[in-house]
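See below for the structure under consideration.
The values are calculated or read from the model by the stated rules, or taken from the named source; none is laboratory data. What you see is a predicted model; the values in this text were computed from it and never measured. As a convention, Cβ positions derive from the backbone with ideal geometry for all residues, glycine included, and neighbour counts pool all protein chains shown.
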Amino acid sequence: MTQLAAAEVIGGDEERAAGERWHPLARMGFRFGFVFLGIGMAGAWLTYALLRSFGVPQRTVTAVAEWTALHPLTDVVGEHLFGVRIDFTPTGSGDTAAQWVSIFTWLLVAVVVTAVWSVLDRRRPDYSRLYEWFRLLLRAALVSALLLYGMVKLLPSQMSFSLDRLVEPFGDMSPMAVLWAQTSLSQPYEIALGAAELTAALLLVLPRTAGLGSVLAVIVTLQIFLLNLTFDVPVKIFSLQLFLYALVLAAPHIVRTVTALAGGAVPVRSPEPLRTTPRGNRILLIAQLVFGVWLLFTAITEGADAWHSYGNDRPHSPLYGIWDITDYTVGGQDMPALVDFSRSPDDNQMLSATVRLRRIIFDIPIGMTAQRMDDSLFSLPAQIDTDRHTVILSKDLAHQLRIATLEYRQPQPDQLILEGQLGGRPVRMQLTRIDLQRFPAVARGFHWMQPVPYFR
């Protein structure tokens, strides 16, 4: 038995190998997938996901991400093949030029490594055990991603409700903003999406339930990828990677299910043990459980922090609401409520005394959004002092570049008066708070019975 175990480890059991020899194209395909999808994609993501979970500074995580993106080889490929300068500065987008060039660079590297590996290891009959390690790597990467994205939906913060969406014209929204707005309007729907992702992740943690988890992961990641693709969300590359991880993991189970439904015989699947001894496999199983518990803990911690900081449980502004400006004077002179047709759509001029505003929206404590007469919106950092009854508007969060200092009064809960200096000129605004129940998106709610469709 000892000799047989040793033979399995080095791939030297000729009788067994002869019975399970992989097709040469299958072996070559596995080598390519292991390098490109396993090491280049899943391994890279898992590395900096784990670094983040242990509280490693973001600067270090970013530096590691650059190296896993094959910097500086990526720079050479980008400059000489595509004529672009690679910039790894985080922008919030996952579909930057740097990301696309990195994918292409990994593709080139995987082709070269596959060719060399195929020559040096051409006599090996199969990669049964390495294939199981490859699947374990994909599972780990998929678990970490689905826990992260699932938790920020279960505790709604990825798509959080924002007041300005209620008055922004639909046509002014980008497709991504439309997706975010419609999802945020139904908190139960967003929670359900997160619950599905979390369920798939938790099922993937242990080998016994990983098959069911991988099939569920195919469904949820396909939906994510399609939404990102059709609503132009800049996470197309990563969501496609997650879908591919899930598809590779679920493929054997899907094939077996289809075969069974078609009336065919379905043999019991016996995956190659990852370790050569029962004790080693028990230790590995415990390690997978600890890994899952740790990532779940960090996902809950990060998700709760996001929910309280900028999610649906975030603090509201002391002047929370959408306020219509009913009167606006500059130096005692009324400013008529007229649309400025001379303003170019590309004119990003912010607040000034001569720009007549239609509404002011106070949502988060550190900001203010204003709506011009043409319904376009812009936002500014705001500091509201409830003791002094002042509103300071600035160009920066530190309020070093101030635009206006206004005093506010509330004669009635739904009435607001702002007075002060704006651009060196005295201004006075009288505002009335809009009742949010006038918006069907907020007030309509849910109805089991409807005599006629409510569509307006």
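Conditions tested, residue by residue: (1) closer than 16 Å to PHE238 by Cβ; (2) assigned to a helix (DSSP H, G or I); (3) in contact with a Gly (Cβ under 8 Å, 6 or more places away or on another chain).
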{"site": "ALA42", "(1), (2), (3)": "yes, yes, no"}
{"site": "LEU51", "(1), (2), (3)": "no, yes, no"}
{"site": "GLY55", "(1), (2), (3)": "no, no, no"}
{"site": "THR91", "(1), (2), (3)": "yes, no, no"}
{"site": "GLY94", "(1), (2), (3)": "yes, no, no"}
{"site": "TRP100", "(1), (2), (3)": "yes, yes, no"}
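Each row is one residue, and each column tells you yes or no for (1) closer than 27 Å to GLY292 by Cα; (2) touching a residue at least 12 places away in the same chain (Cβ under 8 Å); (3) in the same structural domain as GLN241 (by TED's automatic domain parsing).
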| site | (1), (2), (3) |
| --- | --- |
| ALA97 | no, yes, yes |
| VAL119 | no, no, yes |
| TYR127 | yes, yes, yes |
| GLU132 | yes, yes, yes |
| LEU146 | yes, yes, yes |
| VAL167 | no, yes, yes |
| PRO175 | no, yes, yes |
| GLY194 | yes, yes, yes |
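Each row is one residue, and each column tells you yes or no for (1) assigned to a helix (DSSP H, G or I); (2) under 24 Å from GLY194 (Cβ atoms); (3) among the basic types (Lys, Arg).
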| position | (1), (2), (3) |
| --- | --- |
| ASP232 | no, yes, no |
| ILE237 | yes, yes, no |
| PHE243 | yes, yes, no |
| VAL255 | yes, no, no |
| GLY264 | no, no, no |
| GLY292 | yes, yes, no |
| ARG314 | no, yes, yes |
Exercise. With VAL77, VAL84 as the choices, which residue is touching a helix residue (DSSP H, G or I) at 6+ places or on another chain (Cβ under 9 Å), in a helix (DSSP H, G or I) and over 21 Å from LEU25 (Cβ atoms)?
Worked result: VAL77
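May I ask you to say which residue of GLN415, GLN400, GLN421 is without any contact (Cβ under 8 Å) to a residue 12 or more places away in the chain and in the same structural domain as ARG358 (by TED's automatic domain parsing)?
Details: GLN415 fails: without any contact (Cβ under 8 Å) to a residue 12 or more places away in the chain; GLN421 fails: without any contact (Cβ under 8 Å) to a residue 12 or more places away in the chain.
Only one candidate qualifies: GLN400.
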Exercise. Does the range 294-301 contain at least one residue that is farther than 20 Å from VAL143 by Cβ, assigned to a helix (DSSP H, G or I) and touching a Ser or Thr at 6+ places or on another chain (Cβ under 7 Å)?
Worked result: no
Seminar exercise, completed: Counting only residues that are aliphatic (A, V, I, L, M) and either assigned to a loop (DSSP other than H, G, I, E, B) or free of Cβ contacts under 8 Å to residues at least 24 places away in the same chain (or both), the range 430-456 contains a total of 4
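State whether one or more residues within the range 189-199 are among the acidic types (Asp, Glu), out of contact with any Phe, Trp or Tyr (no Cβ under 7 Å at 6 or more places or on another chain) and in a loop (DSSP other than H, G, I, E, B). Lay out the reasoning, then the answer.
Initial filter on the range 189-199 (among the acidic types (Asp, Glu)): 190, 197.
From what is left, the residues that are out of contact with any Phe, Trp or Tyr (no Cβ under 7 Å at 6 or more places or on another chain) are 190.
From what is left, the residues that are in a loop (DSSP other than H, G, I, E, B) are none.
So far as the range 189-199 goes, no, none of its residues is among the acidic types (Asp, Glu), out of contact with any Phe, Trp or Tyr (no Cβ under 7 Å at 6 or more places or on another chain) and in a loop (DSSP other than H, G, I, E, B).
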